[in-house]
Amino acid sequence: MFSPIKKHIALISVHGDPAIEIGKEEAGGQNVYVRQVGEALAQKGWLVDMFTRKANSQQNTIVQHSPNCRTIRLTAGPEEFVPRDEIFAYLPEFVNKFLQFQQENQINYPIVHTNYWLSAWVGMQLKKTLDIKQVHTYHSLGFIKYKSVNTIPMIATTRLSTEKAVLETAERIVATSPQEKEHMRSLVSQKGKIDIIPCGTDVSHFGSISRVAAREKLGITPETKVILYVGRFDRRKGIETLVRAVGQCQSRKNQQLKLIIGGGFRPGQSDGKEYDRIASIVDELGLNDITLFPGRLNREILPTYYTAADVTVVPSHYEPFGLVTIESMACGTPVIGSDVGGLQFTIKPGETGLLCPPKDDAAFAAAIDRFLTHPEWRNKLGINARERVEEIFSWDGVASQLTNLYLDLLKQPSAKQQLSSVSA
Ligand code: UDP
């Protein structure tokens, strides 16, 4: 479709490479969000460049995804994996490389849309020298994260002050749920302009296979009840709660059960250690026979797993949005989630799924039993879930809302223009 926009836009995602395989160490929702938003914006006629840090010397510097959408990897610090809490030191180099790229390619980006606090810092530095506007999506709030961890990293102070500064100075903040906006207001600052634009999902990809075909493909009999988790192996994802809930649910005694825990992990890394911990709890509870760890699930196979499941469980301690929830819902599989953050927005309790207090094994067990023993009710919620995603959470709809936001900002004078009109 012809579109008249043809304006450059830079999406910055320093630690979440949009071109990388999802489901690996530290790669998750942010990578998916940036990639899908980028591709959907390009469909609407924007010329999209997505900037990230090169984390492997074997990677291509530029990856062209579609005619108007590419990932550009800037070398800032070692060309190897660096945990996100250690990336800050390399950000000045990232800023310089971005400026160099702009100059060499003769591109001016009127808007930079930054993702996560590291990129927020980059955006704020760019604003000091360039006549640009900044839009920011948090993906995670330090004020919430540090409440739930035992050791607070050295970088915490810098992160918290950056998160406050960007809220107060960016031309616009994108909150992905009303709950996230409320947290920004109550925990970070009363100042700043916030729009709510949710995350999206590919409604034609998720929902593309029938339940019968999905189960056949995975070799799961129609009688088996399947409980699914998809996501990173990270303690804050609450996989332990799910495993303990399955250990005590009634259905374990009288139903044929399968617990599938999907997600990649690498031995010796933080996700590998979490996998070991979870596997030992599975063992301790005698669940080895019914538990399956299929490893990282690629995008092609994901709809098959979601569709084959009776219920997906998202037991996170906190979740700013939670893409897995809407992917499962798009496949017609209701979700049991923790009663936190974005899950309170995506899941309508009793209509598209159920919410349970975080870390409450008994509540999750009861919710799982309810789904497994009421298949007709489960199917009804699955249909509602699909409808809710079609209505509110498609990437195309998200890109339309972002397009309106960007076009609105482009009409407004920038901070630099406002300053020069005051001093004239
Ligand atoms: N994911 C995947 N394969 C896996 C595990 C996860 O493709 O094996 C994807 C999942 O489909 C979702 C994303 O990783 O799109 C996780 O996003 P979410 O917002 O649920 O969690 P986050 O990783 O941001 O905490």
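The values are calculated or read from the model by the stated rules, or taken from the named source; none is laboratory data. If you're wondering where the values come from, they're calculated on a predicted model, not measured in any experiment. Glycine also receives a Cβ, built like all others from the backbone with ideal geometry; neighbour counts cover every protein chain displayed. Note: areas computed on protein heavy atoms with side chains; ligands, DNA, RNA excluded. Shrake-Rupley method; radii C 1.70, N 1.55, O 1.52, S 1.80 Å.
Here are some notes:
- Candidates are the residues of segment 165-200 that are of a type in the set (D, E, K, R) and within 16 Å of ALA399 (Cβ to Cβ); the one that is least open to solvent (accessible area, probe 1.4 Å) is ARG172.
- Within segment 143-185, the set of residues being within 28 Å of PRO110 (Cα to Cα) and either within 16 Å of the ligand (Cβ to nearest atom) or modelled with pLDDT under 90 (or both) comprises VAL174, ALA175, THR176, SER177, GLU180.
- Qualifying residue in segment 201-220 (condition: within 12 Å of the ligand (Cβ to nearest atom), buried (at least 21 other Cβ atoms within 10 Å of the Cβ) and closer than 22 Å to SER140 by Cα): yes
- Set PHE321, PHE345: member being touching a Ser or Thr at 6+ places or on another chain (Cβ under 9 Å), within 10 Å of the ligand (Cβ to nearest atom) and not charged (D, E, K, R): PHE321
- Residue count for segment 79-120, restricted to those that are among the hydrophobic types (A, V, I, L, M, F, W, C), at pLDDT 95 or above, under 24 Å from LEU160 (Cβ atoms) and open to solvent by 10 Å² or more (accessible area, probe 1.4 Å): 3.
- The condition (being more than 16 Å from the ligand (Cβ to nearest atom), closer than 16 Å to ASN384 by Cα and open to solvent by 10 Å² or more (accessible area, probe 1.4 Å)) is satisfied by just one residue among LEU354, LEU285: LEU354.
- If you go through segment 333-344 and keep only what is surrounded by 24 or more Cβ atoms within 10 Å (Cβ to Cβ) and touching a residue at least 40 places away in the same chain (Cβ under 8 Å), you end up with THR333, PRO334, VAL335, SER338, GLY341, GLY342.
- Selection status of ILE194, more than 12 Å from the ligand (Cβ to nearest atom), modelled with pLDDT of 95 or more, touching a helix residue (DSSP H, G or I) at 6+ places or on another chain (Cβ under 7 Å) and more than 14 Å from TYR305 (Cα to Cα): yes
- Here is the figure for segment 34-65: residues that are closer than 22 Å to LEU407 by Cβ, open to solvent by 30 Å² or more (accessible area, probe 1.4 Å) and assigned to a strand (DSSP E or B) total 1.
- Test: residue in segment 375-394 that is surrounded by 15 or more Cβ atoms within 10 Å (Cβ to Cβ), aromatic (Phe, Trp, Tyr) and touching a helix residue (DSSP H, G or I) at 6+ places or on another chain (Cβ under 9 Å): yes
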